[in-house]
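Just below is one structure, and these are the notes that go with it.
Coordinate-derived values only; no laboratory data. The shown structure was predicted, so the numbers you read here are calculated from the model rather than taken from an experiment. Cβ placement follows ideal geometry from the backbone for every residue including glycine, while neighbour counts extend to all protein chains displayed.
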Amino acid sequence: MTIVVGAGLAGLTCAKVLAEAGRPCLLLEADKRPGGRVVSDHTSQGFTLDRGFQVLLDSYPVARRHLNFQALGGGAFRAGAMFVGEGQPRTLENPLRRPSAVFGALQAGVFPFADQLRLARLASLAMAGSTRFDDLSTEALLQRCGFSEEFFARFARPFFGGVLLDPALQTSARLFLGYLRRFVTGRALLPARGIGGIPEQLVSGLPLDSVRYGARVEELVCRESRAVAVRLADGGLFEATDIVLAIDEPAMCRLLGARNPRPARATAVHYFAAERAFYQGAWLCLPPRREKNPVLHAALLTNVVPEFAPPGSHLWSVTVFPDHPKAPDAEFVAAEVASWFGAASGVLRPLAFVEVPYAVPEQLPGFEQRVSPWGTLPAGIHLAGDASCGASIDAVMASGEAAAKKVISSGVPN
């Protein structure tokens with residue numbers, strides 16, 4: 001029997017691959033539902049609220065292997081952005097996806113045309129899988145490429161700072177280039193039931209008796225340098241031939257007796273209801289990055305998936321910099337968003353302020369080559385999730401797939 005600890009996307013993908021191979025598996029999850037940090041709440045009023053702003057890119061190859069995108073339903077964002085906060089909102093489509101959009105880019109004048117050329121060259125490097133910048137931060141890479149301060153303020157920090165959960169852009173340039181490649185070649189999707197539709201679909205394909213919720217693993221039991229069982233917080237003991245740890249880095253360090261997990265990147269999102277749509281089209285809104293303003297980006301989600309709100313209502317998602325003193329101030333944030341469209345702040349009704357203290361681990365340059373904090377693993381232990389890889393949906397699903405294949409190829413009978 002293989003035990004998988006954690007029913008996030010890594011653990012669910014691992015369990016799916018094991019089940020498809022006919023390998024007995026028990027998936028233990030401390031929470032009462034699957035998904036880990038990739039979950040959605042459905043309010044009694046009929047709103048769908050994700051745990052932070054999250055999208056699924058249809059250019060993710062591993063996700064395409066394991067998910068039925070058509071069954072997820074929902075909609076897609078436009079490839080580009082709506083630039084707000086400085087006069088009339090202006091839209092800019094991605095010329096790399098639709099070449100004719102270059103004429104609109106010239107007319108929009110959001111940031112210098114030279115920066116648009118630099119971005120095209122950088123996208124070409126990303127598409128080629130360049131590894132020339134592995135030791136740089138995202139900020140250092142963009143500076144080396146010659147991007148203007150205007151580009152940083154109007155696009156890089158609000159957009160990629162939001163994607164990386166790092167407005168300072170200290171995240172690994174290698175990781176940034178990977179995201180850039182996927183954004184150039186794919187669309188950003190919102191499933192019809194929210195981002196939580198992904199784990200719901202994955203768990204629906206597992207045997208009914210193979211998942212246990214409310215099962216917090218407290219201890220790994222080892223004999224002769226091999227992990228042979230897990231002990232739960234309630235004292236329950238489950239023996240295993242292989243154990244896959246698909247949990248976040250602090251929990252991984254706790255079970256493996258290691259210290260000093262990487263610091264976490266946090267995120268925070270305000271949700272607002274509105275009676276009317278402020279703009280047409282499935283655009284992500286990017287205000288200029290200013291120190292006095294906590295807003296990174298925002299979106300009228302019901303322009304992408306109308307079902308995210310009850311009939312006659314619209315749903316805003318506004319991502320804020322969590323460390324900003326104004327971040328929790330719903331009135332301030334509502335006034336900022338409304339001002340982009342010349343509206344009064346009262347037209348936005350606060351629904352929820354969602355804080356995620358541990359959204360992703362810090363991923364500084366060289367994080368993939370860092371010395372493992374847990375040292376030599378006991379035999380029979382396999383790792384998955386963003387403690388052992390990049391923190392994208394596709395990366396964690398790939399890690400779960402890889403862990404399952406290691407179990408299958410180990411030759412140890414279940």
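For LYS32, a cut-off of 20 angstrom between C-alpha atoms picks up these lysines, skipping any fewer than 8 places away in its own chain: LYS16.
Principal semi-axes of the equivalent ellipsoid, √(5λ) from the alpha carbon gyration tensor of region 112-185, are 16, 15, 12 Å from largest down.
How much of the DSSP beta bridge set in the chain is antiparallel, as a percent to the nearest 5? Close to 70 percent.
Kirkwood radius for the chain, taken over all pairs of different Cα atoms as the inverse mean of 1/r, rounds to 22.4 Å. Taking each DSSP H run with n ≥ 4 as -39500 (n - 2.57) and averaging over every residue of the chain yields -7500 deg cm²/dmol at 222 nm. Loop-located trypsin sites (Lys or Arg not before Pro) in region 240-295 (DSSP state other than H, G, I, E, B) with a sparse environment of at most 16 neighbouring Cβ atoms within 10 Å: ARG259, ARG276, ARG290, LYS292. Averaging 1/r over each pair of different alpha-carbon atoms in region 266-414 and inverting the result gives 18.5 Å, the Kirkwood hydrodynamic radius.
Placing unit charges on each Cβ (+1 for Lys and Arg, -1 for Asp and Glu) gives region 10-62 a dipole about its Cα centre, and among LEU18, SER44, VAL55 the Cα reaching farthest toward its positive end belongs to LEU18.
Summing Cβ point charges (Lys, Arg +1; Asp, Glu -1) relative to the Cα centre of the chain gives a dipole of roughly 780 debye.
Along the axis of the charge dipole computed for the chain (Cβ charges of +1 for Lys and Arg, -1 for Asp and Glu, origin at the Cα centre), the listed residues GLY385, LEU208, ALA344 are led at the positive end by GLY385. Computed from point charges on the beta carbon alone (+1 for Lys and Arg, -1 for Asp and Glu), the dipole magnitude for region 330-388 about its Cα centre is near 80 Debye.
For region 1-84, the list of trypsin sites (Lys or Arg not before Pro) that fall in a loop by DSSP and count at most 16 other C-beta atoms within 10 angstrom reads LYS32. Dipole size of region 112-185 about its Cα centre, with +1 on Lys/Arg Cβ and -1 on Asp/Glu Cβ: approximately 260 debye, rounded to the nearest 20.
Projecting the Cα atoms of PHE332, PHE83, VAL320 onto the dipole axis of the chain, where Lys and Arg carry +1 and Asp and Glu carry -1 at the beta carbon, places PHE83 farthest toward the positive end.
Looking at region 167-253, the GluC sites (Glu not before Pro) that sit in a DSSP loop and have at most 14 other Cβ atoms within 10 Å of their own Cβ are GLU224.
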